[in-house]
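One structure is given here, and the rest of the page talks about it.
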Amino acid sequence: MSATHAEQQGPLEGFTVGVTAARRADELGTLLTRRGASVLHAPALRIVPLADDSELLATTKQLIDRAPDVVIATTAIGFRGWVEAADGWGLGEDLLARLQGVELLARGPKVKGAIRAAGLTEEWSPSSESMAEVLDRLLAEGVADRRIAIQLHGEPLPGFVEALRAAGAEVVGVPVYRWMPPEDIAPLDRLLDAAVGRGLEALSFTSAPAAASMLSRAEERGMLPELLAALNHDVLVACVGPVTALPLQALGIDTVQPDRFRLGPLVQLICRELPGRARTLPVAGRSVEIRGHAVLLDGEVRPVPPAGMSLLRTLARRPGWVVSRADLLRALPGSGRDEHAVETAMARLRTALGAPNLIQTVVKRGYRLALDPSADTKYADA
């Protein structure tokens with residue numbers, strides 16, 4: 001296969017990735033599909049428009065009437081949304097005037113840009129983009145009897161607010177996002193079914209509320225144990241950062257996270273992790289890599305129907321060993337009792353692979369992968 005073909009193919013060809021994001025889902029989906037993935041999107045929550053949020057209005061009025069000493073801006077979209085919502089209520093000028101007179105801290109460069117676009121200047125921003133560094137600075141300054149407003153961004157800030165209050169601060173949360181369950185729950189249910197049925201190879205999360213919402217829905221449907229089993233053994237769980245991973249890790253689910261908490265690094269991480277989890281076998285002089293809904297045959301993608309993938313995975317569990325038609329029939333989804341279904345699915349699998357000699361028919365016994373002799377000892381006990 002040429003280098004050009006490999007570039008066009010993308011590292012995620014043959015894999016299905018679930019996307020739970022409500023915000024920036026299109027951007028994440030595009031990054032994944034450009035790299036060859038099939039994307040299954042279901043927002044695990046929705047965000048109430050800021051202008052409709054009475055709690056944000058009340059908090060904004062409270063801060064205008066009684067100035068805080070410190071304001072912490074945590075996300076660019078949240079800070080912009082707060083200012084835009086205040087404008088809509090006729091309080092924009094009053095809010096900006098109030099923010100000009102306080103110690104304004106920005107969590108990262110994107111937030112700094114939003115602050116400056118509003119005509120304000122931040123006093124400080126951590127190089128690490130870490131809320132832990134913000135907390136260290138505030139505690140070092142001393143926060144006793146100081147009023148600190150923090151723009152909440154929909155994710156828990158474990159220990160942050162508690163540490164400030166324990167040190168004597170008055171903390172006011174600015175609830176910029178209001179997370180609610182999705183209005184249409186059907187897509188989330190389909191994503192849950194796909195995860196439990198191993199119809200996807202990775203599940204991505206970009207916020208803790210989305211992770212918590214999906215787990216909650218699985219519990220409502222009585223399928224939480226099945227979901228946990230899938231996520232712990234077969235489905236890669238990729239989170240944009242450690243805070244997002246908290247609800248999952250609380251239930252013992254292993255997650256992977258990029259070093260930089262951004263969508264681009266999250267996709268790069270999935271591109272590294274998923275191919276490494278696929279099984280590659282030397283069969284009939286060819287390299288066979290078994291992915292979610294396709295096979296890489298000597299590096300070239302061969303899409304395979306779901307029934308064919310079920311057969312291939314069953315054969316690959318014990319490569320080179322004969323698998324009976326009865327065992328293969330049990331692996332076929334909804335096939336009933338007719339072993340002719342195995343022969344039909346096998347014929348389609350061989351056609352999809354374009355290399356019939358990869359799977360050998362063993363008369364009156366079943367089928368086997370034509371594992372190369374040199375690999376027999378290596379894979380015989382797989």
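The values are calculated or read from the model by the stated rules, or taken from the named source; none is laboratory data. Quick caveat: nothing in here was measured; it's all calculated off a predicted structure. In this analysis, Cβ positions are derived from the backbone assuming ideal geometry, glycine residues included, and neighbour counts consider all displayed protein chains. To get the accessible areas, we keep the full protein, side chains included, count just its heavy atoms, and leave off ligands, DNA and RNA. Shrake-Rupley method; radii C 1.70, N 1.55, O 1.52, S 1.80 Å.
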*Give just the number: which of (1) under 28 Å from Val39 (Cβ atoms); (2) out of contact with any helix residue (DSSP H, G or I) (no Cβ under 6 Å at 6 or more places or on another chain); (3) surrounded by fewer than 19 Cβ atoms within 10 Å (Cβ to Cβ) does Thr314 not satisfy?*
(2)
*Just checking, which of Val243, Val267, Val237 is of a type in the set (Val, Ile, Thr), over 22 Å from Arg107 (Cα atoms) and assigned to a helix (DSSP H, G or I)?*
Val267
*In the range 58-79, how many are surrounded by 17 or more Cβ atoms within 10 Å (Cβ to Cβ) and touching a residue at least 60 places away in the same chain (Cβ under 8 Å)?*
12
*Quick one: count up the residues across the range 88-115 that are over 31 Å from the mean Cα position of the chain (by Cα) and part of a helix (DSSP H, G or I).*
10
*May I ask you to list the residues in the range 285-304 that are farther than 16 Å from Gly10 by Cα and either of a type in the set (Ser, Thr, Tyr) or at pLDDT below 90 (or both)?*
Gly285, Ser287
_Here is a check on your reading of the model: is Glu55 surrounded by fewer than 14 Cβ atoms within 10 Å (Cβ to Cβ) and among the acidic types (Asp, Glu)?_
yes
_Top-ranked residue of the range 125-149 - restricted to ones that are touching a strand residue (DSSP E or B) at 6+ places or on another chain (Cβ under 6 Å) and modelled with pLDDT of 95 or more, ranked as surrounded by the most Cβ atoms within 10 Å (Cβ to Cβ)_ = Ala149
*What residue, of Val240, Val267, Val288, is touching a residue at least 12 places away in the same chain (Cβ under 8 Å), more than 17 Å from the chain's Cα centre (by Cα) and buried (at least 21 other Cβ atoms within 10 Å of the Cβ)?*
Val288
*Taking into account only those residues within the range 183-210 that are touching a Pro at 6+ places or on another chain (Cβ under 8 Å) and more than 25 Å from Arg272 (Cβ to Cβ), which is surrounded by the fewest Cβ atoms within 10 Å (Cβ to Cβ)?*
Pro187
*Subset of the range 211-225 (residues that are in a helix (DSSP H, G or I) and open to solvent by 10 Å² or more (accessible area, probe 1.4 Å))*: Ala212, Ser213, Leu215, Ser216, Arg217, Glu219, Glu220, Leu224, Pro225
*asked:* Out of everything in the range 154-200 that is among the charged types (D, E, K, R) and over 30 Å from Ser310 (Cα atoms), what residue ends up being modelled with the highest pLDDT?
replied: Glu170
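Would you confirm, using the coordinates I've provided, whether Val283 is touching a residue at least 40 places away in the same chain (Cβ under 8 Å), more than 20 Å from Leu332 (Cα to Cα) and touching a helix residue (DSSP H, G or I) at 6+ places or on another chain (Cβ under 6 Å)?
The answer is yes for Val283.
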*asked:* On the basis of being modelled with pLDDT of 95 or more, open to solvent by less than 30 Å² (accessible area, probe 1.4 Å) and either assigned to a loop (DSSP other than H, G, I, E, B) or not hydroxyl-bearing (Ser, Thr, Tyr) (or both), does Leu228 make the cut?
replied: no
*Out of (1) over 30 Å from Ile270 (Cβ atoms); (2) in a helix (DSSP H, G or I); (3) in contact with a Phe, Trp or Tyr (Cβ under 7 Å, 6 or more places away or on another chain); (4) of a type outside the set (S, T, N, Q), the odd one out for Ile64 is which?*
(3)
*So, in the range 33-47, of the ones that are part of a loop (DSSP other than H, G, I, E, B) and open to solvent by 20 Å² or more (accessible area, probe 1.4 Å), which residue ends up nearest to Leu263 (Cα to Cα)?*
Arg35
*Starting from the range 129-144, take each residue that is among the hydrophobic types (A, V, I, L, M, F, W, C) and list its partners that are open to solvent by 60 Å² or more (accessible area, probe 1.4 Å), counting only C-beta distances under 7 angstrom and pairs at least six apart or across chains.*
Met131/Arg107; Val134/Arg107
